[in-house]
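Each remark here refers to the structure printed beneath this line.
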Amino acid sequence: MASKRQKDSPEEEKKQASSFPDEVLECVLGFVKSHRDRSSVSLVCKDWYNAERWSRTHVFIGNCYSVSPEILVRRFPNIRSVTLKGKPRFSDFNLVPLNWGADIHAWLVVFASAYSFLEELRLKRMTITDESLEFLAKSFPNFKALSLVSCDGFSTDGLKAIVAHCKNLTELDILENGIDDLGGSWLSCFPENFTSLEVLNFASLNSEVNFDALERLVARCKSLKVLKVNKNVTLEQLQRLLVHTSQLTELGTGSFSQELTLREYSELESAFSNCKNLYTLSGLSEATSLYLPALYPACVNLTFLNLSDAALQSAELAKLLPHCPHLRRLWVLDTVEDKGLEAVGSSCPLLEELRVFPAEPFEQDVVIGGVTESGFVAVSQGCRKLHYVLYFCRRMTNSAVAAVVKNCPDFTHFRLCIMNPWEPDYLTKEPMDEAFGVVVKTCTKLQRLAVSGLLTDLTFEYIGKYAKNLETLSVAFAGSSDRGMQCVLAGCPKLRKLEIRDCPFGNAALLSGLERYESMRSLWMSACHVTMNGCRLLAREMPRLNVEVIKEDGSDDTHAEKVYVYRSVAGPRRDAPPFVLTL
Amino acid sequence: MSRPLEHDYIGLSEVSSMESSEKISSASSTVSTEEEKSNALNLKETELRLGLPGSESPERKSGAGVGVSLLGRTVEDKNGYSLGVLKNFVSGAKRGFSDAIDVSGKWVFSGNGGSEVDMGKGAVLFSPRGVNGVKSLGVLENANQQPGSAAPALKDVVPPSPKPVQDKKPQMPAANDHVAPAAKAQVVGWPPIRSFRKNTMAVNPAKNNDDDEGKSGSACLYVKVSMDGAPYLRKVDLKTYGSYKELSAALEKMFSCFTIGQCGSHGVPGRDGLSESRLMDLLHGSEYVLTYEDKDGDWMLVGDVPWEMFTDSCRRLRIMKGSEAIGLAPRAMEKCKNRN
């Protein structure tokens, strides 16, 4: 490689440098897109570092507190697209208190002066206020794409500002956020001469938008490729939208249940027949067997079918799937039951990803549907290319998991959630250690693992011993002692994200990872046995880590209930709320 | 840190420390009483105030709500194995119930006198009374503005570490045997389902106030409607109806395919005028009775109270077979008889 040659012979390096102008290098490096590759490139030598930093247009920051906006703009002067992730993932499940942080505003202020040509902002688990949205809308004349996933702090008023001021907006993707839905009038704020929209996703907003405004918007945005509407859009309205959008590649329908006349139904059917370019279909809430057949013609090229809002029964799924011969990703609710999963196994030979969500995760008495270990095995028998699974169930067995990975040894993401904590093997009543043992032994490419069920330290011994490519591990209600966590920290060289809750891991376990945490993005431990002293020790030994403890009211002062440890070049947080203690 | 006796009016008792495995083993047989007692405890607690009286840390009494998490204790627990301890805490992201187990491993029980909890496994089976007892807590919690999770089931979850479990045959109260605790505690953030998904899945928003999502509960009032014999539930927004008549008509339309026995793609339900009137007969006749579960967790006959009061207190609806409604209220039975 050129880099090696440069390192070995300085004279040649000079020759190389002079015959290889920076501009050319920058141009070449412009083709390097992956941020990991770019990191590697920047480490080669000073020239390459500089060329890389000048040519980088997109930056991905997995933990917003690992770096500061000032450091960022100093290194990368030409950024047009920023992706930022904020809160720890467990904040999705309400384990992180409100006002924890990850507020985008400080970043926006710095960007406004350094990146006035910013085009894209993609945020996940960050806080963004309406004021920030307005500031964003007014500070960046070239702004094109806004994607907010699992964010909070804003309302639909903030969306109004974006919609009204961003003349070049191509993407508005508002997903799964905790926001104040003050009404649907934001959609009407798109100017009448606005035509650039390519992506519009407001599926998770609750308020009804003005349909006429929506229809006009869709009609005039000829480049619209992705349209995901919310539940208030009826079938009849959807049909009217589809008339204008035969070029859609991704569609999220509104509510899929309405009384239609025969004529309306056939209009809907022909509207779907025109959608030959659909790769992704979602929405379909309240879909019933009545109208699903109208969809069939649109499913011809589908690769991703998201039925996680549609409580389908097994028969309905079984009838739908044969119409989707190219399906690679499928998300369903467990209302389809094992029988539905058998249909998946028999109808979807190309399936690579399956996610089964629980329809009633918290209900114990009225359990409609639900999948078991046999559904899991059935899928694996038919879908040999399966490599990503997220499976919520109430019971599982070690032998079933063994059968699954025997059929599908190429798992990269294995997330099994047995919903009752400490649930043992359904048949043998033993721990589920062997299940995860066989997963890590067989699936050598495993990158992400989530464990559940009754687990002892043996599970973690297996993980440490075999999961050499593991990058993300999620653990809850598992383990017997510190040894479990120690095995993982010692044995998984590629581990980047470790999130643990309600496990008997204490200071010894925490401190065994001293050497590891700087090569990881973050560690989360909540409801474990870690104490404040342990955290203080960690903070003292590893000054480049931020060791934060979230204090809950009324808790024991020596106990560290929620610990969040992450590497950072920006030093301790300056915006920490009072309940976050930085040690 | 034990529960003050003055809160013991329901007949709480404290069981001595579960420090030995044997005690834990025998705990499974007492789990039923634990749940019953814990049910009543929280029932009483939510009636008294928002916080939890008698919990170890008085600071926990706060309007922000309480959550449950399982906390392991380290050195404090001298038993040599980690004892998961249920602890109350007030978190900004509040959810669920809490049950107080003190540090030394004492179990705190609350009684619900007389509720029989069926110890089913996995998909837990409750006796109706148990269900109601459990549900009422969630409802009460919500009435007190505490965002309970969708299913306000309760459980004493204090699992000993699996180590002793391995030594003996697995005897953790939480799992093992065929005897899973019937009432499951609402552990914060478990199962790991994102809030938006909970909201979309036939969940009554009144039960699932995600403060951090800032959703206003008054915009709509979705309640689940189940019908005996129907394969899945439906959800209706009570605010869209102005009277019992409207609600009844809507429900008939919704469930007509089940009562008439047609459920397929060949027809649009409810459009046939003849079938509609036949439905009304079915629903008002002896075959089905419309009932609802109110804030207190009691199952009531629909139609007794003024409409506004009904929408305020209704938590879920159930279209019950007339024969099952016999136990519900004498009036229901009379009504059935009269129609025959």
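A:T195 meets each of the listed conditions (1) at pLDDT 90 or above; (2) in a loop (DSSP other than H, G, I, E, B); (3) within 14 Å of chain B (Cβ to nearest Cβ) apart from (3). Given the condition within 14 Å of chain B (Cβ to nearest Cβ), part of a loop (DSSP other than H, G, I, E, B) and touching a strand residue (DSSP E or B) at 6+ places or on another chain (Cβ under 8 Å), answer yes or no: does some residue in segment A:408-421 qualify? Yes, some residue in segment A:408-421 is within 14 Å of chain B (Cβ to nearest Cβ), part of a loop (DSSP other than H, G, I, E, B) and touching a strand residue (DSSP E or B) at 6+ places or on another chain (Cβ under 8 Å).
Screening A:L510 with (1) surrounded by 21 or more Cβ atoms within 10 Å (Cβ to Cβ); (2) in contact with a Lys or Arg (Cβ under 7 Å, 6 or more places away or on another chain); (3) more than 10 Å from every other protein chain (Cβ to nearest Cβ) gives one miss only, at (2).
Every listed requirement among (1) within 14 Å of chain B (Cβ to nearest Cβ); (2) more than 25 Å from A:T303 (Cα to Cα); (3) in contact with a helix residue (DSSP H, G or I) (Cβ under 9 Å, 6 or more places away or on another chain); (4) aliphatic (A, V, I, L, M) is met by A:V371 save one, (2).
For the condition more than 14 Å from every other protein chain (Cβ to nearest Cβ) and among the hydrophobic types (A, V, I, L, M, F, W, C), A:V439 qualifies.
On inspection, A:S116 does not qualify as within 24 Å of A:V209 (Cα to Cα) and more than 14 Å from chain B (Cβ to nearest Cβ). With respect to (1) at pLDDT 90 or above; (2) surrounded by 20 or more Cβ atoms within 10 Å (Cβ to Cβ); (3) assigned to a loop (DSSP other than H, G, I, E, B); (4) not acidic (D, E), the lone exception for A:G369 is condition (1). Here's a check for you: in segment A:538-562, which residue that is within 14 Å of chain B (Cβ to nearest Cβ) and touching a Cys at 6+ places or on another chain (Cβ under 6 Å) is surrounded by the most Cβ atoms within 10 Å (Cβ to Cβ)? Result: A:A560. Does A:D212 satisfy the criteria of being under 25 Å from the mean Cα position of the chain (by Cα) and at pLDDT below 95? Judged against the criteria, A:D212 is not a match.
Just one of the listed residues (B:T291, B:T259) is more than 28 Å from A:N206 (Cβ to Cβ), surrounded by 19 or more Cβ atoms within 10 Å (Cβ to Cβ) and at pLDDT 85 or above, namely B:T291.
If you go through segment A:289-317 and keep only what is more than 24 Å from A:E176 (Cα to Cα), assigned to a loop (DSSP other than H, G, I, E, B) and either within 13 Å of chain B (Cβ to nearest Cβ) or charged (D, E, K, R) (or both), you end up with A:S289, A:L290, A:Y291, A:Q313.
Among the residues of segment A:274-288, those that are closer than 16 Å to A:K228 by Cα and more than 12 Å from every other protein chain (Cβ to nearest Cβ) comprise A:C275, A:N277, A:L278, A:Y279, A:T280, A:L281. Residues satisfying the criterion are present in segment B:239-247 (criterion: at pLDDT 75 or above and of a type in the set (V, I, T)). State all residues of segment A:535-559 that are at pLDDT 90 or above, under 23 Å from A:K87 (Cα atoms) and among the charged types (D, E, K, R); if no residue qualifies, say none. Residues satisfying the conditions are A:R536, A:R544, A:E548.
Among the residues making up segment B:231-240, those that are outside any helix (DSSP H, G or I) and free of Cβ contacts under 8 Å to residues at least 40 places away in the same chain are B:P231, B:Y232, B:L233, B:R234, B:K235, B:D237.
The values are calculated or read from the model by the stated rules, or taken from the named source; none is laboratory data. None of these values were measured; they are calculated from a predicted model. A quick note on method: Cβ atoms are made from the backbone with ideal geometry, for glycine too, and the neighbour counts reach across all protein chains shown.
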